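Working notes, structure below.
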Amino acid sequence: MSLLEIKDLAVSFRTEAGRLQVLRSVGLEVDRGETLAVVGESGSGKSVTALSILQLLGEAGRIDSGQIIFDGQDLAAFEDADMRAIRGNRISMIFQEPMSSLNPVIPIGKQVAEPLVLHKALSWRDGLLEAESLLRKVAIPDPAGRLSEYPHQLSGGMRQRVMIAMALACSPKLIIADEPTTALDVTVQAQILGLLKELTRETGAALILITHDLGVVARYADHVSVMYAGQIVESAPAPKLYKNPHHPYTQGLMASIPALDGEVDARLATIEGQPPDLAQTTKGCPFAPRCNAVQPACHLETPPLEAIDTNHLKACFVR
């Protein structure tokens, strides 16, 4: 059985104009020790899917239907008190921007130690000793000295390492990394992602990597799910997806990657048009207005996510 299986997840948010449906029948699976990449344009629903797993949708967000089966339990049915025992303990999340996620007025050591004090009942003294060990594990120099420093005293890459240390503190079974290398330079990106991959391999934890960077996916992911307009449109093992993408949207994403051996003055391929306005209810496939292989059926009904090969799913009428 998969560590995490999301089935037919639908999520909406309350707005002044009424409820806005942002996720529609989303389905994902991730196995123990696996790295699953969730990719797609901004606004496709990647982060909302991650926040739904931990029920961090705020007062306006609501899970309308579906199941989030984690380690045999349906998290979608959990009350907030039950979820508090899950968050930061069995499931950890690394957010996009550590400067806004770390508390600016609390020392680094105390922030890393806090999950251990709350979930593992360690004393603050023992928690800080473990925090020092965690900072050392994520390759932060002088970890003992960093315990008393504040987030603004660290570089972007160092702050992201602190976030990873916090995520690893309670030895979670699942780590969700939401754009963990945003705003970091390329060298630091590689260091952070390599560190995440190495640590999950050592601990056996599963990793959900949310990103729009297909280069990152190619190097670090075992399996890829492509999202568009709040739906999964294609899902496959990473090598299979890169070798033979089937959905027109996935093909467009792959074609937009610059080729190192391409012509110097060659124009980059683009996907014409804009993502749909989720506030407007329309029939058919949400990608139909931008698709160069559109068929009449695409405007009438939404294609189901179906198997086209072993471990390869596609939501498209084009065969």
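The values are calculated or read from the model by the stated rules, or taken from the named source; none is laboratory data. What you see is a predicted model, and the numbers here were worked out from it, not measured in a lab. Note that we place each Cβ from the backbone using ideal geometry, even for glycine, and neighbour counts take in every protein chain shown.
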**Prompt:** With L253, L260, L313, L278 as the choices, which residue is aliphatic (A, V, I, L, M), in contact (Cβ under 8 Å) with a residue 60 or more places away in the chain, more than 30 Å from E16 (Cβ to Cβ) and not in a strand (DSSP E or B)?
**Reply:** L253
**Residue satisfying all of: in the range 300-310; within 24 Å of the chain's Cα centre (by Cα) and more than 26 Å from L20 (Cβ to Cβ); surrounded by the fewest Cβ atoms within 10 Å (Cβ to Cβ) among these** = T310
**Request:** Spot the failing condition for P275; the list is (1) surrounded by fewer than 13 Cβ atoms within 10 Å (Cβ to Cβ); (2) under 24 Å from the mean Cα position of the chain (by Cα); (3) not aromatic (F, W, Y), and only one is missed.
**Result:** (1)
**Asked** For residues in the range 8-21 being of a type in the set (A, V, I, L, M) and modelled with pLDDT under 95, which is surrounded by the fewest Cβ atoms within 10 Å (Cβ to Cβ)?
**Response** A17
**Among the candidates I176, I192, I140, residue that is touching a strand residue (DSSP E or B) at 6+ places or on another chain (Cβ under 8 Å) and among the β-branched types (V, I, T)** = I176
**Request:** Filter the range 175-191 for residues that are within 15 Å of the chain's Cα centre (by Cα) and either assigned to a loop (DSSP other than H, G, I, E, B) or not acidic (D, E) (or both) and give the result.
**Result:** I175, I176, A177, E179, P180, T181, T182
**Single match in N103, N89 (criterion: among the polar types (S, T, N, Q) and in contact with a His (Cβ under 6 Å, 6 or more places away or on another chain))** = N89
**Request:** Determine which member of the set N103, N89 is touching a Cys at 6+ places or on another chain (Cβ under 7 Å) and either touching a residue at least 12 places away in the same chain (Cβ under 8 Å) or among the aliphatic types (A, V, I, L, M) (or both).
**Result:** N89
**Asked** If you go through the range 123-156, how many residues are surrounded by 19 or more Cβ atoms within 10 Å (Cβ to Cβ) and either closer than 22 Å to M99 by Cα or modelled with pLDDT under 95 (or both)?
**Response** 12
**Item:** Residue that is of a type in the set (D, E, K, R) and modelled with pLDDT under 85, where the choices are D222, D185
**Value:** D185
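D64: acidic (D, E), out of contact with any helix residue (DSSP H, G or I) (no Cβ under 8 Å at 6 or more places or on another chain), at pLDDT 95 or above and closer than 24 Å to T200 by Cα, yes or no? Give the steps one after another, and end with the answer.
Working: acidic (D, E): yes; out of contact with any helix residue (DSSP H, G or I) (no Cβ under 8 Å at 6 or more places or on another chain): yes; at pLDDT 95 or above: yes; closer than 24 Å to T200 by Cα: no.
In short, no.
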**Asked** Considering only the range 238-268, how many residues are in contact with a Ser or Thr (Cβ under 8 Å, 6 or more places away or on another chain) and among the aliphatic types (A, V, I, L, M)?
**Response** 2
**Failed item, numbered, when R32 is tested on (1) surrounded by fewer than 18 Cβ atoms within 10 Å (Cβ to Cβ); (2) more than 30 Å from G127 (Cα to Cα); (3) out of contact with any Ser or Thr (no Cβ under 6 Å at 6 or more places or on another chain); (4) in contact (Cβ under 8 Å) with a residue 60 or more places away in the chain** = (2)
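Residue-wise test of (1) surrounded by 10 or more Cβ atoms within 10 Å (Cβ to Cβ); (2) within 26 Å of D8 (Cα to Cα); (3) touching a Lys or Arg at 6+ places or on another chain (Cβ under 9 Å); (4) among the β-branched types (V, I, T).
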{"residue": "S256", "(1), (2), (3), (4)": "yes, no, no, no"}
{"residue": "K283", "(1), (2), (3), (4)": "yes, yes, no, no"}
{"residue": "R290", "(1), (2), (3), (4)": "yes, yes, no, no"}
{"residue": "V294", "(1), (2), (3), (4)": "yes, yes, no, yes"}
{"residue": "C298", "(1), (2), (3), (4)": "yes, yes, no, no"}
